[in-house]
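Here's the structure we're looking at; comments come further down.
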Amino acid sequence: MMMKTLAIEVFMCRSDNFGVLLHDPESGLTAAIDAPEEKPIVEAAERRGWKITHIFTTHHHTDHVEANLALKERYGLEIVGPVNEALAIPGLDRTVADGDEFLFGEHPVRVIETPGHTAGHICYHFPEDKILFAADTLFALGCGRLFERTASDMWHSMQKLAVLPDETAIYFGHEYTLSNARFAISIDPDNEALQRRVAQIEALRAEGGFTIPTMMGLEKETNPFLRVADPAIRRAVLMEGATNEEVFAEIRKRKDNFK
Ligand SMILES: [Fe+2]
């Protein structure tokens, strides 16, 4: 039997956080992917007529958990989150760890731990729906800043995501895409797929549009953090003989200092 397609509602929270609601029309379940801000999440749920039953937390940063308790009180929902950050996540009901699988209605969900941005950051992968909620690990044309783990850890985390099918739709945590695009083109200026994409992103952002979701195949063609083996990028950063991991660390450092 074919499962019905999950419905997804995307909206802005705070200044640049994405709010995401995921709804399963068969079971009636609705999950908020993180809980950055109460009001826009509640308004989005009301707009669609959905009652929020879960929060799927990716990491403990305030701009991802601040509305946890308010939403829990309002909806009586269940909060799922990473075992390695359990103490830092308000209202957490159920912990999950790398490789855990569970069902959202009849839709399989797999947990991928991706330390780097934080020590216990997790992504939620829906393999049959070909959807990844990557939060602050993998952005359109970028990757998360390293706050709690090393570039080497983040590199290994990115490799765990890069093996997912090209047709995977990726929902990420922040609208940073224009700034990511400017950095990407600065170290990969001759990449024609990237040139086309930067033009599209500039036009979309000028109209106030969102750049979410992206696709894994497109990221592999254009995201410098997934392209560290590319000879042109290696030449651009003068690291032709370095390991992939070393190139990744250098690119992450350059992005931190990019104006
Ligand atoms: Fe974060």
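Coordinate-derived values only; no laboratory data. If you're wondering where the values come from, they're calculated on a predicted model, not measured in any experiment. All Cβ positions, glycine included, derive from the backbone under ideal geometry; neighbour counts span all protein chains shown.
Listing for the model above:
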{"item": "Antiparallel bridges, percent of DSSP beta bridges restricted to the chain (to nearest 5)", "result": "70 percent"}
{"item": "Normalised contact order of segment 129-221, rounded percent, pairs of Cα under 8 Å and 6 or more residues apart", "result": "37 percent"}
{"item": "Per-residue [θ]222 nm for the chain (sum of -39500 (n - 2.57) over DSSP H runs n ≥ 4, rounded to 500)", "result": "-9500 deg cm²/dmol"}
{"item": "Among 169-177, 105-113, the order from most to least packed when residues are scored by Cβ within 10 Å on average", "result": "169-177, 105-113"}
{"item": "Average Cα contact separation per residue, segment 59-98, under 8 Å, 6 or more apart, as relative contact order %", "result": "40 percent"}
{"item": "Cα convex hull of segment 190-259 - mean projected area over all directions, nm²", "result": "5.4 nm²"}
{"item": "Euclidean distance between Cα centres, segment 77-139 to segment 140-205, Å", "result": "20 Å"}
{"item": "Sum of side-chain charges, Arg47 neighbourhood, beta-carbon under 14 Å (Lys, Arg +1; Asp, Glu -1)", "result": "0"}
{"item": "Only Lys, Arg (+1) and Asp, Glu (-1) charged, at Cβ; the chain dipole about Cα centre in debye", "result": "540 debye"}
{"item": "Angle between the chain longest axis and helix 177-187 axis [Cα atoms, degrees, rounded to 10]", "result": "20 degrees"}
{"item": "Burial order of peptide ranges 84-92, 132-140, 53-61 (average beta-carbon count within 10 Å, highest first)", "result": "132-140, 53-61, 84-92"}
{"item": "Cβ-placed point charges (K, R +1; D, E -1), dipole of segment 92-196 about Cα centre in debye, nearest 20", "result": "300 debye"}
{"item": "Under-5 Å amide H pairs with Ile55, H placed in peptide plane, nonlocal only", "result": "Ala32, Glu78, Ile79, Val80"}
{"item": "Most positive-pole-ward Cα, Pro213, Asn191, Pro224, against dipole of segment 160-259 from beta carbon charges", "result": "Pro224"}
{"item": "Label-point separation, Arg94 to Leu69 (7 Å along Cα→Cβ), nm", "result": "2.3 nm"}
{"item": "Share of Cα-Cα pairs in the chain lying beyond 23 Å, as whole percent", "result": "50 percent"}
